[in-house]
Amino acid sequence: MADKLQFGLIGCGSQGRFLSEGLKMTDKADLVACADPNSEAAQTATARCGYQKAYDSAEAMLDDAAIDAVIVATIHDQLQPMALAAVKAGKHTFVEKPMALNASDGQALVDSAKQADVKLMVGYTLRFMPERILMKRLLDEGAIGEITHVSAGQCIGFSGDHWLNDPKHGGGPLFYIGSHAIDNALWMIGRKPTRVFADVHRPDDAHAEASADAVISFEGGLSLHACTSYRSGCSYGWLDIIGTAGRMRCEWQSRRLYIHSQKIEAYKQPTELEVPLQPYIPALPATAIGSLAAFRYLPMWAAEMHEFADAISQQREPSVTGEDGVVLLQVADAIFESGRTGEPVAI
Ligand SMILES: NC(=O)c1ccc[n+]([C@@H]2O[C@H](COP(=O)([O-])OP(=O)(O)OC[C@H]3O[C@@H](n4cnc5c(N)ncnc54)[C@H](O)[C@@H]3O)[C@@H](O)[C@H]2O)c1
């Protein structure tokens, strides 16, 4: 057996290449093969990331290439079928968010991964941002007491004819960016959601939703206000958590954490922290960083790949599981249903 994990890539667009660059930074993998029906995209991934062989279909690659694990980073409606093909072929699978277009397809993928005894991880990158990791640690240490209110959002300005705007391909801000914000809030809260009431704005049937706002309820009287939009004049994301002993806030794309805590002397006045990468994500060998070296998100994608590779070699569950992905999809199903009916939906 090779001393490094043998990796393949399914879906050679921008995110597939970013994750490949991140994987190279970990020095834990050989980039063996990549697949995309768009042969130009596959050739670009071989040239830029160093994959040894390009295929024009995932099935051909899974049949032929000697690989242990794959990254699946296709358009949204292809994520679940391609990830399912990979786990059925016995490959450990990192699948980009939202993993599937509904909870039932997400659960089928989780079940197949269990049956095949392979690791399944979902690409919720915000969980690897240092300021969010520190926020989670402080929350778990009780820095702001019991959580009473949460607000989370992720918004961009986006229009035009593109798969990310096409409902047939699972386009729309909820899956593309809102899923990150909601997953991150669910992780911080650490409880299962019970009910959703949502307002979903759809310009017409030919396009995906342009925005969605939801109140997501939890046991114990806690609510999460979630917002996602393609209608924003700027790229903006936030996570605000208010508790019985203070409050914290993170903003995308900033490394700052705002904290006001009655429990921690240093933060008894409102305080703004600039959070460094280390020790919150692993320090990686400074190798193999190509054209993307300056890209702000690359360390977080590398940290995701580091976690996935370690989960495989240590034979343990990754920190973001397929089950986490299914909970997000249950919330998304309920947001769409509530938006359609105007009624609250129980989860
Ligand atoms: N976690 C993050 O920070 C982050 C950031 C951006 C995008 N993403 C996610 O990454 C995924 C890809 O997004 P992108 O921006 O790279 O899109 P993209 O359009 O740049 O690339 C998608 C690629 O998938 C290919 N594809 C389509 N069907 C395929 C199939 N059956 N088999 C193999 N390849 C297929 C397309 O030809 C294209 O090259 C999406 O799930 C997106 O939400 C995640």
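What is the distance, in nm, between label points placed 7 Å from the Cα along the Cα-to-Cβ direction at Asn102 and at Ser319?
About 3.3 nm, to one decimal.
Rounded to the nearest 20 Debye, what is the dipole magnitude of region 81-212 about its Cα centre when Lys and Arg each give +1 and Asp and Glu each give -1 at the C-beta? Walk me through the numbers on the way to the answer.
Working: 14 positive and 15 negative charges, 105 e Å.
Computed charge dipole of region 81-212: roughly 500 debye.
Between His149, Ala208, Ser179, whose Cα lies farthest towards the positive end of the dipole of the chain when Lys and Arg beta carbons carry +1 and Asp and Glu beta carbons carry -1, centred on the Cα centre?
Towards the positive end, the residue furthest out is His149.
Taking H as built 1.01 Å from N, whose amide H comes closer than 5 Å to the amide H of Gln6, not counting residues under 5 places away?
Asp30, Asp68, Ala69
For region 1-94, take the alpha-carbon Rg, divide it by the Kirkwood Rh, and send me Rg/Rh. Before the final figure, lay out the partial values.
Numbers: Rg = 11.6 Å, Rh = 12.6 Å.
Taking Rg over the Kirkwood Rh, I get 0.92.
Based on Cβ point charges of +1 for Lys and Arg and -1 for Asp and Glu, what charge dipole magnitude is obtained for the chain about its Cα centre, in debye rounded to the nearest 20? Numbers along the way, then the final one.
On the way: 30 positive and 43 negative charges, 178 e Å.
Here the chain has a charge dipole of around 860 debye.
Accessible area, 1.4 Å probe, largest first: how do Arg256, Arg231 sort? Intermediate results must be reported in sequence, preceding the final value.
Working: Arg256 90, Arg231 145 Å².
Result of the area sort, largest leading: Arg231, Arg256.
Nearest 0.05, what FRET efficiency do Ala283 and Cys234 give at R0 = 25 Å with Cβ-Cβ as r?
Details: r = 32 Å, r/R0 = 1.29.
That pair, Ala283 with Cys234, gives E of 0.20.
To the nearest whole percent, what portion of all C-alpha pairs in the chain is separated by more than 28 angstrom? Mind dumping the intermediate values first?
Working: 25585 of 60031 pairs.
In whole percent, the long-distance tail amounts to 43.
Could you compute the FRET efficiency for Ala66 and Asp111, with r as their C-beta to C-beta distance and R0 at 22 Å, rounded to 0.05? Intermediate results must be reported in sequence, preceding the final value.
Numbers: r = 26 Å, r/R0 = 1.20.
That gives a FRET efficiency of 0.25.
Give me the distance in nm between label points sitting 7 Å out from Cα along the Cα-to-Cβ direction at Glu59 and Arg256, one decimal.
Going from the Glu59 label point to the Arg256 one covers 5.3 nm.
Pairs of Cα atoms under 8 Å, at least six residues apart: use those to get the relative contact order of the chain, whole percent. Intermediate values should be presented prior to the final figure.
On the way: 796 pairs, mean separation 73.6, N = 347.
Relative contact order, the chain: 21 percent.
Taking the Cα centre as origin and putting +1 on Lys and Arg beta-carbons and -1 on Asp and Glu beta-carbons, what dipole magnitude results for region 159-212, to the nearest 20 debye?
Details: 5 positive and 7 negative charges, 88 e Å.
In total the dipole reaches around 420 debye.
For Gln43 and Glu265, what does the FRET efficiency come to when R0 = 56 Å and r is the distance between their Cβ atoms, rounded to the nearest 0.05? Can you show the working numbers first?
On the way: r = 58 Å, r/R0 = 1.03.
After rounding to 0.05, the efficiency reads 0.45.
Note down the Stokes-Einstein diffusion coefficient of region 129-267 in µm²/s, whole number, using a Kirkwood radius over alpha carbon pairs, 37 °C, and 0.692 mPa s.
On the way: Rh = 15.8 Å.
The diffusion coefficient I find is 208 µm²/s.
The values are calculated or read from the model by the stated rules, or taken from the named source; none is laboratory data. The structure presented is a predicted model; accordingly, all values stated were derived computationally and were not measured. We place every Cβ from the backbone using ideal geometry, glycine too, and count neighbours over all the protein chains shown. When the accessible area is computed, the model is the full protein with side chains, heavy atoms only, and any ligands, DNA or RNA have been set aside. Shrake-Rupley method; radii C 1.70, N 1.55, O 1.52, S 1.80 Å.
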